[in-house]
Amino acid sequence: MEMKKRISLELRNRSPAEVRELVVDSCRSADGEVEGVTEEFSALEVLSMVNVGLGSLAKLPVLPKLRKLEVSDNSISGGLDALAEKCPNLSYLNLSGNHIKELSSLQPLNLKNLKSLDLYSCGVTAADGYRDAVFRLLPQVVYLDGFDPDDNEVPESNDEDDEAGPPGDEDEDEDEEEGSEVGLSYLMKEGIQDEEDDGDYVEEEEDDEEEEEDGEDDDAPAQGEKRKRDADDEGDDDDDE
């Protein structure tokens, strides 16, 4: 897919001024220049153009809020002068896998806000004392290829923490879950007690039925004795006659 077409798809339901992050990786540039990205992207903070066939950044527009630029795996060999003028707030630049062979090509990157620079797989990394030379040339850079001058690795980004929501949300969620568990336990306990109560009720009914049956059995001999006495009385009456 061409870079311009990809950008058009990204803008289907919004204007360029609303875009803060634009990724057009692997979308081919027709003439090796930046295409489709204009000054209308005034709020753009992150721009990724990995493996798009770039040979130059000369046509990069003025992007005052751009802080992160990914242009790895292209054919850029120099011409980095445009960045100082067009991206004054750039803090992260990834030029890995480009054709930068001379330290002098990095001189235009003396941007006051540039803190992290990646040059993996560029020819310049093969130079003797490469790391020390870059830190001397660009003293504002804190991390080169992911490590500071003392070989301390760059800390992980806090972007995920920002997306997680305001502080306190997790505690509230935990409280809600605990409350739900307590409520469920309470209901289950009540259910168990109800079942036990039902059992007692059934047992009481059974006991009542047994007592009634016993009562009927007790009445039976008494009724038999009454019949016998009545019969004897009738016999006595016959004898008297």
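Report, to one decimal in Å, the Kirkwood hydrodynamic radius for the stretch 1-47 based on all distinct Cα pairs. Provide the component values of the computation, followed by the final result.
Values: mean 1/r = 0.0920 Å⁻¹.
Every distinct Cα pair counted, the radius reaches 10.9 Å.
Binning every alpha carbon pair distance of the stretch 50-100 at 5 Å from zero, what are the percents per bin?
Taking all Cα pairs of the stretch 50-100, the binned fractions are 5, 23, 31, 28, 13, 1 percent.
To check my understanding: the extent here is largest minus smallest coordinate of the Cα atoms along each principal axis. What are those three numbers for the stretch 78-138, in Å, largest first?
30, 21, 17
At 1.4 Å probe size, what's the solvent-accessible area of Tyr120? Round to the nearest 10 Å².
110
Compute the Rg/Rh shape ratio of the stretch 12-122: radius of gyration over Kirkwood radius, all on alpha-carbon atoms.
0.94
Lys and Arg at +1, Asp and Glu at -1: add these up for the other residues within a Cβ distance under 11 Å of Val50 and post the number.
For residues surrounding Val50, the net value is -3.
Taking K and R as +1 and D and E as -1, what net charge do the other residues with C-beta under 15 Å from the C-beta of Asp132 add up to?
Taking every Cβ under 15 Å from that of Asp132, the sum is -3.
Find out how many positive minus negative residues lie around Asp73, taking Lys and Arg as positive, Asp and Glu as negative, among other residues whose Cβ is under 13 Å from that of Asp73.
Taking every Cβ under 13 Å from that of Asp73, the sum is -2.
The values are calculated or read from the model by the stated rules, or taken from the named source; none is laboratory data. The structure presented is a predicted model; accordingly, all values stated were derived computationally and were not measured. Positions of Cβ are backbone-derived with ideal geometry, glycine not excepted, and every protein chain shown enters the neighbour counts. In case anyone asks, the SASA skips ligands and DNA or RNA and just uses the protein heavy atoms, side chains included. Shrake-Rupley method; radii C 1.70, N 1.55, O 1.52, S 1.80 Å.
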